[in-house]
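Every read-out reported here was derived from the displayed coordinates using simple, explicitly stated rules and does not represent laboratory data. Computed from a prediction, not measured in an experiment: that's the story for all the values here. Cβ placement follows ideal geometry from the backbone for every residue including glycine, while neighbour counts extend to all protein chains displayed.
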Amino acid sequence: MAAYWKQLDTRFPQVEEVFDDVMAEALAVLTREGIDAYLETARLIGKLGRGVEPMLAFMEEWPSAAKAVGESTLPAVMALIQRLQKSPNGKAITPFLQTLAPVARRLQSPEQLQHYLDITLDLKARTTGSIHGHHTTFPSPGLPAFFAQAPALLNQLTLAGLRNWVEYGIRNYRTHPERQTDYFSLQSADARAVLQRERHGTLLVDVERKLDLYLRGLWRDHDHLVPYSTAFDEIRKPVPYYDKLGIRLPDVYDDAGEISGLDRYRAALAHMVGHRRWSEAQVADNWSPFQRMAVEFFEDCRIETLLIREYPGLRKLFLARHPKPLEAACDPETTSCLRHRMAMLSRALLDSNHGYLDADLLDYVQRFHTVMAQGESSTKEIAALALSYVAKTRRQSDQFARVHFDDTVVDYRDDNRQLWKFIEAGDEEEAFDEPRKIEPAEEIRGLPPRHYPEWDYASQTYRPDWASVYEALHPRGNPADIDRLLAKHGALAKRLKKMLDLLKPQDKVRIRYQEEGSELDLDVAIRSLIDFKGGATPDPRINMSHRTDGRDIAVMLLLDLSESLNEKAAGSGQTILELSQEAVSLLAWAIEKLGDPFAIAGFHSNTRHDVRYLHIKGYGEHWNDEVKARLAAMEAGYSTRMGAAMRHAAHYLAARPADKKLMLILTDGKPSDVDAHDERLLIEDARQAVKELDQQGIFPYCISLDANLRPGADNYVGDIFGRQFTVIDRIERLPERLPQLFMALTK
Amino acid sequence: MSTDKEQYKVTQEPFYQPQRNEVALYEAAYRNRLPVMVKGPTGCGKSRFVEYMAWKLGKPLITVACNEDMTASDLVGRYLLEANGTRWLDGPLTTAARIGAICYLDEIVEARQDTTVVIHPLTDHRRTLPLDKKGELIHAHPDFQLVISYNPGYQTLMKDLKQSTKQRFTGFDFDYPDAALEAQIVAKETGMDEAVAAKLVKIGGVARSLKGHGLDEGISTRLLVYAATLIKDGVEPTDACRMALVRPITDDADIRETLDHAIDATFA
């Protein structure tokens, strides 16, 4: 030991205190050369000048990490430490070392560990700050937080998932130190959302309908399925349960061996359904916790026996998830073995090939089967059996504080809270029925926001719930203004009227194969005659008739109300806003004449947290003073987050029962927002939104007023809308062009 | 013109398992020549029941499967063109009224409403059928009786019988038999042993309780019989069930998976 101590060459008293213990562990795990390398590395870490913490962390963690991933990974680990030491991220060394062992246990192979180290290096390199191109002077804010979370993350993510999660954090929060820390310490909402997306296993939300069908179909039962999160409770894992508000299940189940996550959900549901069907709440006051536990085990087995009677296939499922404790695993001299005994019994009750030899156990298995052979039995009867089993097998050691837990947890079983009722509410003297003060809630102004995802083209993924859209009615102005605008364009209106008359519904649809109709359908008549001449029975339905078919187009006009509309249009004394107002008024007037269902909304945005969507005209409203008043009050301000507005407009348009759905987007510039630094980002997002519209059967069409737009060079409108756009170069002609365009589109 | 009455007779006894007293009730209705309406989900034994009753009463049975292109003349009859003139051809309803058969209009709601009105004069005290194109009034044969069936399950607003039609009939409400009886039926129809038949019925029950949650109709007794027939032929039960019970009734992946799970859980 002394030689080792000398080799370590340190004078930290804290290290001296634990040295014997950690060396004992290291000697048990590491090889001769391993020990040398271990001490040498520890010595180097001690000399880094970062105090005793990193050295202590290394000395405590390494033996166990080496056991999981092998000693050969030490140089790679050391290399990372040196990289951290050389960069301003020296503070992250300690958290890295502290979580190395749990991370290594998760990863299990040197290659996997190398991947983890690579991800870490990448994170370090890309988040370490450099301001104005100087040296890297600012440490990565997220790195220490990331190391602290690494074991928890790897519990739920594969390495690929971890890489995506880290990637997301780097990309979105590189320039925002506080948010970056929040993200990497799993504090922020989207850190959790992305984590959820990258998780392995079967998510409850994905299979909810299947489980609902399962409950209804196989068990004639149904209830709300409420997920609880398993991600953030490390110490006390929640257990499924049900109460008045619904059935609680974990939000995700990993596949376990050949049992899929979905089947694990089914097992848990079947078990709870069994309780709901056959269990009866028992008065718990006079029973000890041990007795209650035994009753729970017996009752669980009773209902599972009944469930298997109903669907024999469940036996396989239950047995696959039921632990099979070894008979000799628990030593009754030193440990409380009650749980172990109960788990063995529970296994034996369900599995006839249990192979246990204990006489009491076999006796009670026999008695259980005798009781069950007579029918369904009851909670009461089975509780009596359980109590007598506890009495018979009781041992002094059951009271020991050290309890044998291994292989005794049946994870698909619920916590049995419904099995008990208590006569006395509690032992406490004081009652807790003090009236609770209800804080007056903040008055609700406007509708709550709707959240929409946003497309991140760099990673080809959606950022979940990224943009918040607030919708409201547009403020009112003076409707007479709009009437005046319309009067100004009287001549144009007359020309439009003529075009409208041509568009009015007059399509005729033939209805063929009519026995009686307005005209003879020659094709069919001749065919009938041929049949007849050939000696077959002729078809008498040789007439046809007509019916007129109406237009069935729902239209949504989405107006960009961003700041740039306040600019004066080239070659005209009016602002773009005023011209748009005129154009929209004429279009609205024209569509009202045609009778197509039609809505108008405007949007602008001030960062992703505040996208405003303003109703100007709804589908239910006519082109009346109310609508005109809103249009008259149209104002421009803020930026253009087009994708979110289009998604929200699509939400309304998609609900229309029309055959054809047309979304017109009137905009004067490219999508942009103050919080989007990459100008491609919102363009790509809008393009993705257009794809989504296509999938929903909505035809988007853009009318761009961007006079600077030239084909070729920077044709972002084409990028977004493909060929479904028009650029209006001479903005002063907009009032004339817009209605014409609409008619051309819908002819 | 005479029609061979014998060809419409049901010669062999069809297997029918009465669920309640419907046989006696039908006999009473027939004694008094009351028109009968049989309602119930698809494949629960409506047609089999009518066939059985025709056999029991020893009357000819003329069945017409209605469809939406069917016109009144498809029921009543029409003139055919011939080289030198025209010839009248009786439709199935007219034939039945002439020879005194039981006329069974299957899935009557599928037919267009103007078609169903032609049966009205036959269903009340008049018991006549006017052939206005031919200018003939047929008085129905004393043995003639009209039976219609329909499935109230998948009716839409557009497809329902008019009140004036409904109120001309006495009604039987059919449903899938209870589990034990249905197992017996499946077993007897196919010669399958009852334990397997009971399992099939159980899977049928699973699907029936999903009706309205993505399924328009549950698994019918007819499909259960198909499945049993396949199993009898040596097909693996789980495969037979998937083929005969699940694949025909749904394209919904979630429901398919739930039913597949039910099959695996039942035939373990």
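Taking N as the residue count of the range A:2-198, its C-alpha radius of gyration divided by 2.2 N^0.38 Å amounts to 1.05.
Neighbour counting of Cβ atoms within 10 Å sorts the residues A:His546, A:His275, fewest neighbours leading, into A:His546, A:His275.
Counting Cβ atoms of other protein chains within 10 Å of each residue's Cβ and taking the mean over peptide B:257-264 gives 6. Rounded to the nearest 10 degrees, the angle from helix B:194-208 to the longest Cα principal axis of chain B is 80 degrees. Between the residues A:Tyr168, A:His115, A:Ser185, the greatest Cα displacement towards the positive end of the dipole of the range A:2-198, with unit charges on the Cβ of Lys, Arg, Asp and Glu, is found for A:Tyr168.
Each of B:Ile148, B:Phe15, B:Ala97 was placed along the dipole of the range B:5-173 (beta-carbon charges, centred on the mean Cα), and the one lying farthest toward the positive end is B:Ala97. Both radii were evaluated on the Cα set of the range B:5-173; the Rg over Rh quotient, with Rh as the Kirkwood radius, amounts to 0.97.
Legend: mean number of C-beta atoms from other chains within 10 angstrom of residue C-beta atoms, peptide A:215-227, equals 4.
Could you work out the percent of alpha carbon pairs in the range A:195-264 separated by over 14 Å, rounded to a whole number? Every Cα pair in the range A:195-264 considered, those over 14 Å come to 63 percent. Bridgeable aspartates and glutamates around A:Lys617 (alpha carbons under 12 Å apart, same-chain partners fewer than 8 residues away excluded): A:Glu592, A:Asp625, A:Glu626.
Placing unit charges on the Cβ atoms of the charged side chains and taking the dipole of chain A about its Cα centre, the candidate lying farthest along the positive direction among A:Val690, A:Ala270, A:Ala554 is A:Ala554. In a simple Cβ point-charge model (Lys, Arg +1; Asp, Glu -1; nothing else charged), the range A:508-549 has a dipole of about 100 debye relative to its Cα centre. Here the label points at A:Ala28 and A:Leu520, each 7 Å from Cα along the C-beta direction, are separated by 10.5 nm in the simple model. Excluding same-chain neighbours fewer than eight residues apart, the lysines reachable from A:Lys91 by a Cα-Cα span under 22 Å are A:Lys47, A:Lys124. Per-residue shielding of A:308-316, expressed as the average number of other chain Cβ atoms within 10 Å of the residue Cβ, stands at 4.
For the range B:5-81, the set of chymotrypsin sites (Phe, Trp or Tyr not before Pro) satisfying both a DSSP loop assignment and a count of at most 12 other C-beta atoms within 10 Å is given as B:Phe15.
Computing FRET efficiency as 1/(1 + (r/R0)^6) for A:Arg551 and B:Met243, where r is the C-beta to C-beta distance and R0 is 41 Å, gives about 0.30.
Close amide H pairs (under 5 Å, H built 1.01 Å from N) link B:Ile62 with B:Ile102, B:Cys103, B:Tyr104, residues at least 5 positions away or on another chain. In terms of other Cβ atoms within 10 Å, A:Thr370, A:Thr94 run from fewest to most in the order A:Thr370, A:Thr94.
Please report how far the C-alpha centroid of the range A:1-72 lies from that of the range B:176-241, rounded to the nearest whole angstrom. First find each Cα centre; the distance between them is then 69 Å. Bridge orientation summary for chain A: considering DSSP beta bridges with both residues in this region, about 45 percent are antiparallel. For the range A:169-254, GluC sites (Glu not before Pro) are listed when DSSP marks them as loop and at most 12 other Cβ atoms sit within 10 Å of their Cβ; the list is A:Glu234. Under 27 Å Cα-Cα from A:Lys244, which lysines qualify once same-chain neighbours fewer than 8 residues away are excluded? Excluding near neighbours in sequence, the set is A:Lys210, A:Lys380, A:Lys421, A:Lys437, B:Lys211.
Hey, can you rank A:214-226, A:2-14 by average C-beta count inside 10 Å, highest first?
Packing proxy ranking, top to bottom: A:214-226, A:2-14.
For the range A:278-378, the list of GluC sites (Glu not before Pro) that fall in a loop by DSSP and count at most 11 other C-beta atoms within 10 angstrom reads A:Glu333.
In percent, rounded to a whole number, the relative contact order of chain B is 19, using alpha-carbon pairs under 8 Å and six or more apart. Computed over the Cα atoms of the protein assembly as shown, pair by distinct pair, the Kirkwood hydrodynamic radius stands at 37.1 angstrom. The string of couplings for the range A:363-369 from the Karplus curve (6.51, -1.76, 1.60, θ = phi - 60°) is 4, 6, 4, 4, 5, 4, 5 Hz, one whole number per residue in order, with x for Gly and Pro.
Unpartnered cysteines of chain A (Cβ-Cβ under 4.7 Å counts as a partner)? A:Cys301, A:Cys702, each lacking another Cys Cβ under 4.7 Å.
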